[in-house]
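Report on the structure given below.
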Amino acid sequence: MDPTHAPSQPSALEQALGELSDELATRERALVSFVQSTVWLLADRETEGHPDSLMTAQFALVSDGPNLDQPMLSLFTSAARAVAYHEEHPQSLPCVVAAEAPFAILCIPEGAGIVINPNQTPGFRIGPEAAAMLRNHMIELRNRSPVSQPPAS
């Protein structure tokens, strides 16, 4: 996909984010859609989108909260949105990296939250406590996966 052109149809995640309201059901749909989606991050270098490759990269964080002192991992619903953000904020990290959301969740720094599509609509924030719960759950699932276990000798 050419990252400079937005997809003609909104992704399932963008649709779910566009339908957000104060109702719990719309927030649950957005979270489920998020976990099942591919997301894009801004990184310090190219990666393969695999957890081992992602874990060694640095990713763009934004500041959030009343005093702009809350770090938030920046995720995007398309490569085009990540490129647009970088063009608006050239000091941000330059490489657009695609990853399945569960792998991106593993990259959440300790004490950070998540912001999907920062400064863009539709967007969504996941606070640090909920982000930590998501990350810990993904770590637990990865540790249980037979693929992540070392081969028997």
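The values are calculated or read from the model by the stated rules, or taken from the named source; none is laboratory data. Keep in mind it's a predicted model, so treat the numbers as computed, not measured. Cβ atoms come from the backbone with ideal geometry, glycine included; neighbour counts cover every protein chain shown. Surface accessibility is based on the protein's heavy atoms, side chains included, excluding ligands, DNA and RNA. Shrake-Rupley method; radii C 1.70, N 1.55, O 1.52, S 1.80 Å.
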Looking at this structure, is residue 68 in a loop (DSSP other than H, G, I, E, B) and on the phi > 0 side of the Ramachandran plot?
yes
Give the residue that is nearest to residue 15 (Cα to Cα), with candidates limited to residues of the range 104-146 that are open to solvent by 50 Å² or more (accessible area, probe 1.4 Å), touching a residue at least 24 places away in the same chain (Cβ under 8 Å) and basic (Lys, Arg).
125
Can you name every residue in the range 44-65 that is assigned to a loop (DSSP other than H, G, I, E, B), open to solvent by 30 Å² or more (accessible area, probe 1.4 Å) and in contact with an Asp or Glu (Cβ under 7 Å, 6 or more places away or on another chain)?
58
Might you check whether a residue that is touching a helix residue (DSSP H, G or I) at 6+ places or on another chain (Cβ under 7 Å), farther than 22 Å from residue 33 by Cα and not acidic (Asp, Glu) occurs anywhere in the range 77-88?
no
Which of the residues belonging to the range 82-103 are open to solvent by less than 50 Å² (accessible area, probe 1.4 Å) and assigned to a helix (DSSP H, G or I)?
82, 83, 84, 85, 86, 101, 102
